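Remarks on the structure that follows.
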Amino acid sequence: MNAWLNKIIAGSFCVMGLLSCEKQDSFTQVKTGTTPTFSATATELTFSEATADQDAVTYSWTASGDWGYRAVVNYTLQIDEKGNGFSNPTEAFSGNNSLSKTFTVGALNQVINNMGLASGRQHELVIRVRAAVDTVGDQVFSDSVLLTVTPYYVPKVYPSVYVPGAYEGWSFDDPRLGALASVNSDKVYEGYLYFPDANTEFKIAAAKSWDLNYGDAGGGSLKENGDNMKAIEPGYYRLTANLNTLSWSLTNTTWSITGSAAGGADKAMSFDATTKKWSITTALQAGSFYFRANNANTITLSDDDNNGVLTAGSAGVINIETAGTYTITMDLNNPGNYIYTLAQ
């Protein structure tokens, strides 16, 4: 009896020992991976739309290993402005086990535009690669590489309606066909059109066809298939249409700059009927300015994000740090994408 009991106890200890050994052997020690070595084929770039399809730069990095097990490593390229310490980086690329990324001019320019940086100006950025294993939740970062870049502007695409009229032959195919944009995608549209002749008639079309069009219903109202709308005087007009309330407005505009940089007065801009742009070359003092129509603050435009793109209102004044003679050009041709340039 005792012999059999001793055998059972000894067998139990053996089984427990085997289980313990198996658990010990299956344990994997998780570690932080090695830091990738990061490099770029170029660090100073000036972009142009004409070269959008060309390769701009290739970023390469070494593999991050030694995570303690066979890991799928995700690599992400992060970009931020120099001096920000990557506090709010933009992710330009992400891929598993990838060790390089080539950007075309157009692709990297789009990334820069999405960061809200001004076109036509030089920016000092930094870019680095992050290596991470999601199942572990750990990550390592390479040293950063400098990216000095001058991007070009990429217009945003908004919901639009069209403005066929006598000024362009009532055609949906004419390149002079105007449009209005809804920047908030809320069926409230705005745009600017140049009518060179008096008593120019026009309508608003939901698409480039007459299937759904809006016309004048009197008293600033719209209705489907309504009467032709009319601009009595020639000029450069701001046209708005609210398809929620079926209302519209039309304002003939002339433009100026005003603000402390302009001495507190309105400095009139000139209109070029060929380019349909407004411009002025004038002496400015240190201070700020914004654009306004008809020497009043009813219609104003300024640069909220300091990126060369204009938005409604005068809060985003444009700063002049050094007094001198400046050439300022304002382009309102692309609805919702109002831009300006400032050159000394």
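The values are calculated or read from the model by the stated rules, or taken from the named source; none is laboratory data. Model, not experiment: these values are computed from the prediction. No Cβ is skipped: glycine too gets one built from the backbone with ideal geometry, and neighbour counts run over all protein chains shown. The area values use the complete protein model at the heavy-atom level, side chains included, leaving out ligands, DNA and RNA. Shrake-Rupley method; radii C 1.70, N 1.55, O 1.52, S 1.80 Å.
Over the Cα atoms of the stretch 128-227, how large are the radius of gyration and the largest Cα-Cα distance (Dmax), in Å?
Both quantities, over Cα of the stretch 128-227: 23.6, 71 Å.
One quarter of the convex hull surface, Cα atoms only: what value does that give for the stretch 170-262 in nm²? Please list the in-between numbers first.
On the way: hull surface 30.7 nm².
Result: 7.7 nm².
What stretch of the chain, leaving out the sites themselves, is the longest with no trypsin sites (Lys or Arg not before Pro) in a DSSP loop having at most 16 other Cβ atoms within 10 Å? Mind dumping the intermediate values first?
Details: sites that count: 31, 70, 82, 121, 156, 176, 187, 208, 276.
Here the longest segment lacking exposed loop sites spans 277-344.
Tell me, what is the per residue accessible area of the chain in Å², probe radius 1.4 Å?
On the way: 18230 Å² over 344 residues.
Heavy-atom SASA per residue in the chain reads 53 Å².
Counting only Cα, what are the radius of gyration and maximum Cα-Cα distance Dmax of the stretch 77-123, in Å?
For the stretch 77-123, the Cα radius of gyration and maximum Cα-Cα distance read 11.8, 35 Å.
Calculate the FRET efficiency for residue 251 and residue 58 from the Cβ-Cβ distance with a Förster distance of 51 Å, rounded to the nearest 0.05. Let's see the in-between values first.
Working: r = 50 Å, r/R0 = 0.99.
Step by step, r from the Cβ atoms, then E = 0.50.
Could you work out the relative contact order of the stretch 172-238? I mean the mean sequence separation of Cα pairs under 8 Å and 6+ apart, divided by the number of residues, in percent.
Working: 99 pairs, mean separation 22.3, N = 67.
Computed over the stretch 172-238, the figure is 33 percent.
For the chain, take the longest principal axis of its alpha carbons; what is the angle in degrees between that and the long axis of helix 105-114, to the nearest 10 within 0 to 90?
Helix 105-114 sits at roughly 80 degrees to that axis.
Quick one, what does Rg over Rh come out to for the stretch 93-152 if you take C-alpha atoms and the Kirkwood Rh?
Numbers: Rg = 13.9 Å, Rh = 13.4 Å.
Here the Rg-to-Rh quotient is 1.04.
Classify the stretch 48-109 as rounded, prolate or oblate from the Cα gyration tensor: take a ≥ b ≥ c as the square roots of its eigenvalues, call it rounded if a/c is under 1.5, otherwise prolate when a/b beats b/c and oblate if not.
oblate
Over the stretch 104-213, what is the percentage of antiparallel beta bridges among all DSSP beta bridges, to the nearest 5?
On the way: 18 of 18 bridges.
In the stretch 104-213, approximately 100 percent of DSSP beta bridges are antiparallel ones.
Before anything else, pin down the relative contact order of the stretch 264-344: Cα pairs under 8 Å, at least 6 apart, normalised by residue count, whole percent.
Working: 154 pairs, mean separation 23.7, N = 81.
After rounding, I find 29 percent.
Only helical DSSP H runs with n ≥ 4 go in: add -39500 (n - 2.57) per run for the chain, normalise by residue count and round the 222 nm mean residue ellipticity to 500 deg cm²/dmol.
Mean residue ellipticity, 222 nm, calculated: -3500 deg cm²/dmol.
Using the Cα centre as the reference, give the magnitude of the dipole from point charges on the C-beta atoms of the chain (Lys, Arg: +1; Asp, Glu: -1; all else neutral), rounded to the nearest 20 debye. Each step should come with its number before you reach the end.
Numbers: 21 positive and 33 negative charges, 137 e Å.
Dipole about the Cα centre, nearest 20: 660 debye.
Over all distinct alpha-carbon pairs, what is the Kirkwood Rh of the chain in angstrom? Don't skip to the end; give the middle numbers.
Details: mean 1/r = 0.0401 Å⁻¹.
For the chain, the Kirkwood estimate is 24.9 Å.
From the residues 228, 268, 51, which one has its Cα farthest along the dipole of the chain in the positive direction, the dipole being from +1 and -1 charges on Cβ of Lys/Arg and Asp/Glu about the Cα centre?
Value computed over the given set: 51.
Report, as a whole number in µm² per second, the diffusion coefficient that Stokes-Einstein gives for the stretch 231-344 at 37 °C and 0.692 mPa s using the Kirkwood radius over alpha carbon pairs.
Details: Rh = 14.7 Å.
The estimated diffusion coefficient comes to 224 µm²/s.
What is the chain's relative contact order, in percent, from Cα pairs under 8 angstrom and six or more apart in sequence? Show your work: numbers first, answer last.
Numbers: 760 pairs, mean separation 38.2, N = 344.
Dividing the mean separation by the residue count of the chain yields 11 percent.
Find, among the chymotrypsin sites (Phe, Trp or Tyr not before Pro) in the stretch 58-153, those assigned to loop by DSSP (not H, G, I, E, B) with at most 13 other beta-carbon atoms within 10 angstrom. Working shown, then result.
Working: sites: 59, 61, 67, 69, 75, 86, 93, 103, 141, 152, 153; in loops: 67, 69, 86, 152, 153.
Listed in order of number, the matching sites are 69.
Placing unit charges on C-beta atoms (Lys and Arg positive, Asp and Glu negative, everything else neutral), compute the dipole magnitude of the stretch 66-128 about its Cα centre in debye, rounded to 20. Show your work: numbers first, answer last.
Details: 5 positive and 5 negative charges, 23 e Å.
Roughly 120 debye for the stretch 66-128.
Give me the distance between the Cα centres of the stretch 80-122 and the stretch 263-279, rounded to whole Å.
Using only Cα atoms, the two centres lie 35 Å from each other.
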